[in-house]
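One structure below.
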Amino acid sequence: MSDCWHDVTPEQTDQLAAYRDLILEWNRKFNLTALRDRDSIDGRLIAESLRLRGFVPKRSGLRVIDIGTGAGIPGLPLAILRPDTYFTLVDATGKKVRFLEMAIGELGLSNVSAIHDRSELLAHDPDRREQYDLGMARAVTQLAALAELMLPFLRIGGQALLPKGAGPSEELARAQTAIEILGGSLKSADLLAQVSCCGVTRLVILDKIGSSLVQYPRRPGIPEHEPLGG
């Protein structure tokens, strides 16, 4: 077990270990993740997810959306640590969502739901649009497209937490137009403190300062292939 699972209760540690074992089990029959061993999943998936916990406001009833969640990263590990916060996990692959539904039941989590849908479509649902306090996504797509997919879900005053690799400076520059069009503002893009179990991570934080224009996000596939601002 990774030494990066610090400040976690014994019950939460057991839940995180059970979650990791479920990923390993399902990976034998369906490709949830390219990582195939306990240490990699403990470190590169779960521990890296837990690094975001300090950026989740400590306020009961917070609504968080995790788009392109895959095996539930980063939302599901954070949901284990924050039972007072409600997490919505979104993925476009049906088998991954079925895994998430199974994992949520096996782990006994009542503060998580999984949705099978494209973010481009779900963001136009009135029950979802501009309804979330916090959004997160890991390794989904380039920042310009990610801003278009994420910001319409956030209420004004909300934030997006977007962990990226070490050096997205050019990516950030290209994404500025998209961020502004979608009602966002770049708050920070700092490197997280280096720890032994995790890779180098730059956390991009966007503030939602204005409403997103109703035509965004565009149809599935367009944000990624034709990012706003070129």
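Just so you know, all these numbers are worked out from the coordinates, no wet-lab data involved. Not measured: the values here are computed from a predicted model. Ideal geometry is used to build each Cβ from the backbone, glycine not excepted, and the neighbour counts take in all protein chains shown.
Before moving on, here are some points about what is shown:
- Matching residues in region 25-56 - criterion: being part of a helix (DSSP H, G or I), in contact with a helix residue (DSSP H, G or I) (Cβ under 7 Å, 6 or more places away or on another chain) and either more than 24 Å from residue 161 (Cα to Cα) or charged (D, E, K, R) (or both): 26, 38, 42, 53
- Any hit, region 174-196, residues being on the phi < 0 side of the Ramachandran plot, of a type in the set (Asp, Glu), over 14 Å from the mean Cα position of the chain (by Cα) and part of a helix (DSSP H, G or I): yes
Here's the yes/no breakdown for (1) in contact (Cβ under 8 Å) with a residue 60 or more places away in the chain; (2) of a type in the set (Phe, Trp, Tyr):
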position	(1), (2)
132	yes, yes
144	yes, no
155	no, no
177	no, no
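- If you go through region 1-20 and pick out every residue that is in a helix (DSSP H, G or I) and either loosely packed, with under 13 Cβ neighbours inside 10 Å or at positive phi (or both), you end up with 2.
- Positions within region 83-100 being free of Cβ contacts under 8 Å to residues at least 24 places away in the same chain and closer than 12 Å to residue 69 by Cβ, in sequence order: 93, 97
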